[in-house]
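Right, one structure below, let's go through it.
Taken together, the values in this text are just the output of simple stated rules run on the coordinates, not laboratory data. In this text, all values refer to a predicted model and were calculated from it rather than measured experimentally. Here Cβ is always computed from backbone atoms with ideal geometry, including for glycine, and neighbour counts include all displayed protein chains.
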Amino acid sequence: MADTALMPIPGQVDPVPVARDITPRADGRIDLIGLPKDRIRTLFEEAGLDARQAKLRAKQVFHWLYHRGVTEFEAMTDIAKTMRPWLAERFVIGRPDVVEAQHSVDGTRKWLLRTADGHDFEMVFIPDADRGTLCVSSQVGCTLNCRFCHTGTMKLVRNLTPGEIVGQVMLARDALGEWPKGSMSGLDDEEDAGHYTADGRLLTNIVMMGMGEPLYNFDNVRDALRLVMDGDGLALSKRRITLSTSGVVPMMDRCGEEIGVNLAVSLHAVTKDIRDEIVPLNKKYGIEELLSACAAYPGASNARRITFEYVMLKDKNDSDEHARELVRLIRHYNLPAKVNLIPFNPWPGAVYECSTPERVRRFSEIVFEGGISAPVRTPRGRDIDAACGQLKSATEKKGRAERDREAAAAE
Ligand code: SAH
Ligand code: SF4
């Protein structure tokens with residue numbers, strides 16, 4: 001199916017194709033995934049239900065969709081038996097297609113997914129002792145071309161729809177078997193509600209750190225995360241969600257106001273020259289502007305710090321002086337901050353190397369000595385190209401025909 005309803009993404013780049021909130025389907029049915037309750041209600045009214053019925057059914061269907069993870073109307077036991085086929089004729093409950101699923105030796109899992117109109121993107125699940133983090137993509141590719149990032153070398157870009165974004169979380173819950181079980185007796189199921197917490201689950205945290213720049217797809221990311229945070233939806237706390245931006249300054253305030261999740265900022269350099277080179281968006285929104293926007297980020301506090309991501313590139317941004325300047329900047333702007341040092345993950349054709357372990361350790365010590373926490377992020381899933389900045393590599397190396405064959409064989 002071809003992309004329809006194209007519109008530009010704002011930014012420094014040429015307009016790129018974006019899909020509408022509802023991806024058109026060949027069979028004319030409407031995929032409800034990614035839609036909020038009100039939108040579902042309107043669609044039910046348009047399909048012929050009276051206002052009261054539409055409201056009630058929307059509430060029930062919303063609960064089954066996002067809270068229970070069902071994909072068939074037939075499983076919605078509190079909806080009349082005759083009503084279920086009526087819904088199934090007009091609507092579907094979709095998931096992104098899984099093209100390939102890979103397991104790393106360290107437990108990290110990566111899924112290559114495909115949209116209904118044939119675009120490939122990836123999501124990664126990173127299990128730890130005390131948490132499990134799903135790394136979610138917001139775009140197919142990225143328009144921003146950070147020089148150390150493999151995703152940034154991709155040309156083809158389209159924004160993911162809210163359904164394709166929340167669909168990743170739902171797919172992960174499917175794969176991990178983490179939908180609430182129980183009596184399935186309806187909306188006010190007290191017994192079941194007790195089990196629906198992050199405790200005891202594998203998937204506890206979400207980071208918008210997959211492919212793409214989430215603040216260049218603001219509306220869709222916001223709408224998807226609202227479904228993730230909705231108590232009657234996926235019910236994940238905003239404190240367990242982190243959005244990472246390369247520094248789209250004009251959208252940061254709205255991110256805090258309208259989404260309210262934790263913020264991570266891909267700083268990566270402390271001088272204009274170096275940041276201009278490695279994060280070209282810096283030419284548009286410079287370091288001072290970026291740090292001022294961080295200082296004004298709604299909801300940031302000592303209890304909810306802003307994370308500054310800093311990729312360690314050998315002989316580029318990793319000197320003692322850079323570390324001291326990082327401390328100075330964070331203090332100067334009085335930022336409630338922590339620093340996350342990311343060893344550079346290599347990919348074929350990359351022009352940088354990772355700093356030596358001694359350099360990374362020294363850099364970390366200097367920042368710590370400046371009173372700011374600066375742990376080094378352990379690279380995860382490097383063997384399956386699932387680590388930060390490596391996404392999409394496998395996809396590009398294999399041809400479409402090869403992947404189709406593999407997908408067919410896997411079924
Ligand atoms: N576009 C957003 C979020 C996705 S990238 C952003 O840039 O913030 C998630 C993190 O991985 C970012 O901090 C990014 O700069 C970092 N990253 C990209 N390529 C990397 C690489 N090759 N090695 C290590 N980290 C990388
Ligand atoms: Fe895009 Fe982030 Fe990669 Fe930069 S680091 S190219 S913003 S995905």
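Report the far tail of the P(r) of the stretch 30-92, meaning the percent of Cα-Cα pairs longer than 16 Å. Please list the in-between numbers first.
Details: 680 of 1953 pairs.
Summing the P(r) tail past 16 Å for the stretch 30-92 gives 35 percent.
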Subject >> Cα-derived Rg to Rh of the stretch 97-410, Kirkwood definition >> reply: 0.96
**OP:** Rank by packing, highest mean first: peptides 58-71, 35-48, 347-360, with packing defined as the count of other Cβ atoms within 10 Å averaged across residues.
**Re:** 58-71, 35-48, 347-360
Original post:
Pairs Lys283/Lys316; Lys238/Lys338; Lys272/Lys314; Lys37/Lys110; Lys238/Lys284; Lys59/Lys81: which are spaced more than 20 Å apart, C-alpha to C-alpha?
Top reply: Lys37/Lys110; Lys238/Lys284
**OP:** For Gly132, list long-range residues whose amide hydrogen, built 1.01 Å from N in the peptide plane, is under 5 Å from its own amide hydrogen.
**Re:** Thr204, Asn205
